[in-house]
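Please read the structure below before turning to the comments.
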Amino acid sequence: MVRYQPNKLPKPTAMSFSNLGLSPAILHAISERGYTAPTPIQIEAIPAILRGGDVLAAAQTGSGKTAAFALPLLQLLQDGPSQKPRRLRALILVPTRELAQQTAESIRTLAQANPQTLKIAALFGGVSINPQMMDLRGGADIVVATPGRLLDLIEHNALSIGAVSSLVLDEADRLLDMGFTDEIGRILALLPKQRQNLFFSATFPPAVHALATRMLRQPVRIAIPSLEQNQPAIQQRAIQVDASRRTQLLRHLLKENKWGRVLVFVATKYAAEHIAEKLQRAGIKAAAFHGEFSQGARDEVLADFKASKLQVLVATDVAARGIDIAQLPVVLNYDLPRSAVDYTHRIGRTGRAGKSGIAISFISADTEAHFRLIEKRHQLKCEREQIAGFEPVVVATSANTPDAKSLIDASNGGIKGKRKSKKDKLREAAARDLPD
Ligand code: AMP
């Protein structure tokens with residue numbers, strides 16, 4: 001079971017939870033959880049949600065957004081009539097199974113002091129549907145679900161969403177990025193028209209903006225400044241290195257810096273396994289973390305990483321999305337993320353809840369243009385560094401680097417016409433890694 005460590009606040013606010021309109025039972029749960037003061041998003045979102053209106057919030061993972069919607073939802077359910085049999089009243093859609101489990105677990109902890117016993121179910125794909133169907137017998141008050149599995153369960157008549165009064169879209173940008181647009185449309189069509197909508201997203205590319213406009217009615221807008229402006233705590237570094245020497249450089253950095261735990265991002269499952277294996281052979285406690293692991297294997301790896309039994313987790317974007325690991329000091333882009341949105345999500349794994357963190361990107365001559373694009377999107381300029389003994393043979397210059405502008409895909413920050421097939425990526429990864 002995934003457990004959170006309560007973190008310290010980014011900047012202690014003068015506000016207290018008791019000024020936000022929360023009930024004594026909820027305030028008790030908050031203090032039990034160890035939260036002393038609300039985070040900025042909680043200060044704005046909690047009263048707005050308690051008033052029953054729609055909310056549109058720009059929120060990073062690590063901002064305290066889960067409690068920002070969970071606390072007022074719990075109170076609204078507590079104040080509403082108790083229902084027999086239970087009818088689903090709050091639905092939270094999330095992009096990944098890890099996030100579904102973590103969010104449900106977090107809500108369960110906060111719901112413990114609730115006078116009404118609430119049933120909170122986590123529904124996600126990649127595991128057998130039967131236990132989840134069993135779990136839904138007798139109904140649920142709150143469901144945290146990934147969209148595909150939710151629809152499967154509705155088709156199996158395991159639950160109905162026809163009485164939902166509050167819908168939360170958590171990490172809306174990632175939900176769309178992961179291709180859930182159709183599923184979300186089908187779910188919206190099954191929900192009652194009269195309902196509260198809470199929309200949380202780290203970034204607002206046009207597709208996310210369009211969905212928010214379609215879903216929300218006169219929302220209270222909460223614009224938490226973007227990660228780059230808001231979190232000087234994250235130091236962003238770009239290190240130039242030849243692609244073939246990245247694993248060696250990673251080992252060197254691990255040794256030199258004595259980092260406690262490092263989350264390393266790679267582009268493919270193959271690369272995750274291959275690099276984790278090479279690190280293991282060098283005596284480093286490392287493991288791969290990707291989407292093809294069984295749920296049990298993922299939970300185990302994550303628990304070991306959280307308990308610091310593993311120093312390095314080599315992960316793909318899909319697998320690592322949404323995982324909450326308190327005080328992660330370093331995130332390293334071994335392969336660059338495909339889009340500027342993914343870059344934000346990756347570096348959001350460090351510097352969490354006010355702890356300082358380092359986000360490092362390895363840049364080679366052929367990824368320089370792509371990194372410039374990411375910098376441009378985030379109005380960021382990282383000085384290029386070189387590490388003694390690992391200076392690249394070929395350094396990107398404007399002469400050998402394609403014009404970044406010509407690569408922009410305006411819709412999602414990806415690379416136009418350059419999207420590689422899985423096979424291409426595997427071949428590339430294999431070729432790149434050979435000399436190490
Ligand atoms: P989230 O942005 O919801 O993923 O939350 C990030 C982390 O901050 C989680 O580990 C939460 O338990 C923690 N957290 C949320 N709200 C507070 C608060 N008011 N004070 C301290 N920690 C918090």
Worksheet item: Regarding the stretch 93-166, what whole-number volume in Å³ per residue does the convex hull of its Cα atoms give?
Response: 93
Practice prompt. Just subtract the alpha-carbon distance of Asp79 and Met134 from 0.36 nm times their residue separation and send over the number in nm, one decimal.
Written response: 17.0 nm
Fill in: Positive minus negative residues near Ala140 (Lys, Arg vs Asp, Glu; Cβ under 13 Å)
+4
Response to the item:
With all protein chains present, the stretch 128-192 has a carbon and sulfur share of its accessible area (1.4 Å probe) in percent of 50
Discussion item. Skipping prolines and chain starts, which residues have an amide H placed within reach, meaning under 5 Å, of the one on Asp242, given they are 5 or more residues away or on another chain?
Written reply: Val393
Fill in: Relative contact order, percent, the stretch 23-147 [alpha-carbon distance under 8 Å, six or more residues apart]
30
Discussion item. Report, in listed order, any pair from Lys278/Lys309; Lys255/Lys285; Lys269/Lys376 with a Cα-Cα distance greater than 21 Å.
Written reply: Lys269/Lys376
Discussion item. With N set to the number of residues, divide the alpha-carbon radius of gyration of the stretch 2-223 by 2.2 N^0.38 Å and report two decimals.
Written reply: 0.95
Worksheet entry | Sparse-neighbour loop sites [trypsin sites (Lys or Arg not before Pro); the stretch 63-160; at most 10 other C-beta within 10 Å; DSSP] | Arg137
Item to complete: Step through the residues of the stretch 378-384 one at a time and calculate ³J(HN,Hα) from phi using the Karplus curve (6.51 cos²θ - 1.76 cosθ + 1.60, θ = phi - 60°), rounding each to whole Hz and writing x for Gly and Pro.
Response: 9, 6, 10, 9, 8, 5, 7
Worksheet entry | Percent of Cα pairs exceeding the 29 Å cut-off, where the set is the stretch 232-401 | 14
Worksheet item: Taking θ as phi - 60°, what are the ³J(HN,Hα) couplings along the stretch 127-138 by the Karplus curve (6.51, -1.76, 1.60), each to the nearest whole Hz, with x for Gly and Pro?
Response: 9, 4, 7, 4, x, 5, 5, 4, 4, 8, 4, x
Response to the item:
Taking a probe of 1.4 Å and leaving out DNA, RNA and ligands, the stretch 232-401 shows per residue an accessible area in Å² of 39
Practice prompt. Quickly rank 36-46, 377-387 as a protection proxy: mean count of other C-beta atoms within 10 Å, highest first.
Written response: 36-46, 377-387
Response to the item:
The long-range amide H neighbours of Leu332, using H built 1.01 Å from N in the peptide plane and a cut-off of under 5 Å, are Leu263, Val264, Phe265, Ile360
Worksheet item: For Ile387 and Ala307, what is the calculated FRET efficiency with R₀ set at 25 Å and r taken between the beta-carbons, to the nearest 0.05?
Response: 0.25
Worksheet item: Going through the stretch 110-205, which GluC sites (Glu not before Pro) have at most 13 other Cβ atoms within 10 Å and a DSSP loop state?
Response: none
Worksheet item: Asp366 versus Val395, label points 7 Å from Cα toward the beta carbon: distance in nm?
Response: 2.1
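The values are calculated or read from the model by the stated rules, or taken from the named source; none is laboratory data. Here the structure is a predicted model, which means the values were calculated and not measured. Heads up, the Cβs are rebuilt from the backbone with ideal geometry, glycines too, and the neighbour counts pull from every protein chain shown. Quick note on the areas: whole protein, heavy atoms, side chains included, nothing else; ligands and nucleic acids left out. Shrake-Rupley method; radii C 1.70, N 1.55, O 1.52, S 1.80 Å.
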